[in-house]
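Here's the structure, in structure tokens; my notes come after.
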Amino acid sequence: MLRRFSSVPARALRSQRAMSTKVKVVLTRSLPEQGAKLLKEDDRIDAITWPEDSPCDRQWLLENVKGASGILCMLNDKCDEELIKAAGDKLKVVSSFSAGVDHIALGALKERSVRLGYTPSALTDAVADLTVMLTLMAQRRGGEAMRRVMNGDWPKMPWSPLLLCGPQITNSTVGFLGFGRIAQATLARLLPFQISKALYLGSRPGQPAKEDFYGLVKDQKIPIQPAKNAQELAEKSDILIIGCALTPETKHLVNADFLGRMKETAVIVNIARGPVVDTDALAKALNSGSIFGAGIDVIENEPQIPADHPLAQEPRCVLLPHIGSANTETRSLMAEEAVKNLQAGLFGGSMVNEKTL
Ligand code: DGY
């Protein structure tokens, strides 16, 4: 009896101690299975997750982030100064389930020595695949053709030699605005289509690419060269692929002047961030026929895009709701990596991908 009495409080004490040493993290969304499992199995972590299947409510987040050591967020959660301040001094890591980090106040993290994890390598292939799909759809009028069939127009448009014709990809010069991992993976996929040349504009105009992820620049199977400036990229590209990060320098880089320099047969594809492109200027360029078409996965003010939005109305614009990385395997890997980054930030060690601040 005595032994039983004395052992119970000791166990309770031990488990209380274990509870108190857990670190609090806040998740703005439930994760796909692999990531959720990894997190659940980690008994050092006390995870609080936004319970709804919808974007995290800001007030809920500001309330629940207090005292958190880690935040795991999505690309549509603003991780700004206000949120970081609300978390308080214990905050050690922000882990973003995304490649882009434009929703995060990098300066505020740096100031407080908070580490930032993100998931760029997990989604390279998925986004590169979608970029090829959008390129072909924009050139070959895939969106417009489908829309017409679904509108019941097919009986009024029997096969004819020039029905729904567009430019061919063979012999195209492909311009890359931003020449990182996704852009280079896209180029690798486009080479078998016998494109003739690639031009790129990175953060150092006219300079060779800093990283040659797949050895394509070294191989030069086709000429792959840096553009001198944005004007040259606009003027020479048959296909313009936008894959750069959104920064104050890249906001509206593709504007009326840029679009006005493009060929009438050119298409643009945006898989980066909406605000790199000036939406009004793009709508005007498409409407006036000063460029041929567009493939858009990201757009300014998404997801507030009504059916009568000028780009949704534009027949030569293929408009997708930001599904670049949306294949099951990729999202599962992103979840796993986001949790691993979170754990590294909380307990030490290297992240799968850490953003240098
Ligand atoms: C990201 O994760 O930043 C991308 O937008 C995926 O498409």
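Each reported figure results from applying straightforward, stated rules to the coordinates on display, with no laboratory input. These numbers come from a predicted model, not from an experiment. Virtual Cβ from ideal backbone geometry, glycine too; neighbours counted across all protein chains shown.
Rounded to two decimals, what is the ratio between the C-alpha radius of gyration of region 42-94 and 2.2 N^0.38 Å?
That ratio works out to 1.09.
Give, as ranges by residue number, the residues of region 94-115 whose backbone N falls under 15 Å from the point 7 Å along Cα→Cβ of Lys210.
101
Whole Å is fine, so just give me how far the alpha carbon centre of region 261-316 lies from that of region 87-149.
Here the answer is 19 Å between Cα centres.
As an exercise, use a Förster radius of 35 Å and the Cβ-Cβ distance of Glu302 and Thr21 to find the FRET efficiency, rounded to the nearest 0.05.
The calculated FRET efficiency here is 0.25.
Please compute the modelled spin-label separation between Asp89 and Gln220, points set 7 Å along Cα→Cβ, answer in nm with one decimal.
Spacing of the two 7 Å Cα→Cβ label points: 5.8 nm.
Please express the Cα-Cα pair-distance distribution P(r) of region 184-229 as a list of whole percents, one per 10 Å bin, running from 0 to the bin with the greatest distance.
Using 10 Å bins, I get a P(r) of 27, 59, 13 for region 184-229.
Over the alpha carbons of region 288-334, what is the largest minus smallest coordinate on each principal axis, giving the biggest first in Å?
42, 23, 14
Suppose a student asked you for the relative contact order of the chain, using Cα pairs under 8 Å spaced at least 6 residues apart; what percent would you report?
Relative contact order of the chain: 19 percent.
Quote to one decimal, in nm, the extra length available between Asp257 and Arg58 on full extension: 0.36 nm per residue of separation minus the C-alpha distance between them.
67.9 nm
Using the Cα atoms of the chain, I'd like the radius of gyration and the largest Cα-Cα distance, Dmax, both in angstrom.
Rg then Dmax for the chain, in Å: 24.1, 96.
Using alpha carbons only, what's the Rg to Rh ratio of region 87-185 with Rh from Kirkwood?
1.23
To one decimal place, what Kirkwood hydrodynamic radius in Å is obtained for region 38-149 from all pairs of distinct Cα atoms?
In region 38-149 this quantity evaluates to 16.4 Å.
Whole-Hz Karplus ³J(HN,Hα) for region 72-78, in order, using 6.51 cos²θ - 1.76 cosθ + 1.60 and θ = phi - 60°, x for Gly and Pro?
10, 10, 9, 5, 9, 9, 6
Among Ala281, Pro223, Thr330, whose Cα projects farthest towards the positive end of the dipole of the chain, with charges put on the beta-carbon of Lys, Arg (+1) and Asp, Glu (-1)?
Thr330
Per 5 Å bin, what percent of the C-alpha pairs of region 72-135 does each bin hold, from zero upward?
Calculated P(r), rounded to whole percents: 4, 17, 26, 20, 12, 8, 7, 5, 2, 0.
At q = 0.25, 0.31 Å⁻¹, what log₁₀ I(q)/I(0) does region 247-300 have when each alpha carbon counts as one equal point scatterer in the Debye sum?
-0.96, -1.35
For region 96-252, taking Cα atoms only, what is the radius of gyration to one decimal and the Dmax to the nearest whole Å?
Rg, Dmax (Cα atoms, Å): 18.8, 65.
Under 10 Å, Cα contacts only: if you run a Gaussian network model on the chain, which one of Ser95, Ser160, Ser121 comes out with the highest mean-square fluctuation?
Residue with maximal mean-square fluctuation among Ser95, Ser160, Ser121: Ser160.
What nm distance separates the two modelled labels at Ser350 and Glu111, each placed 7 Å from Cα along Cα→Cβ?
3.1 nm
Roughly what would the spin-label model give for Gln231 and Glu82, points 7 Å off Cα along C-beta, in nm?
4.2 nm
Rg over Rh of region 174-294, using C-alpha atoms and the Kirkwood radius, what does it come to?
Rg divided by Rh gives 0.95.
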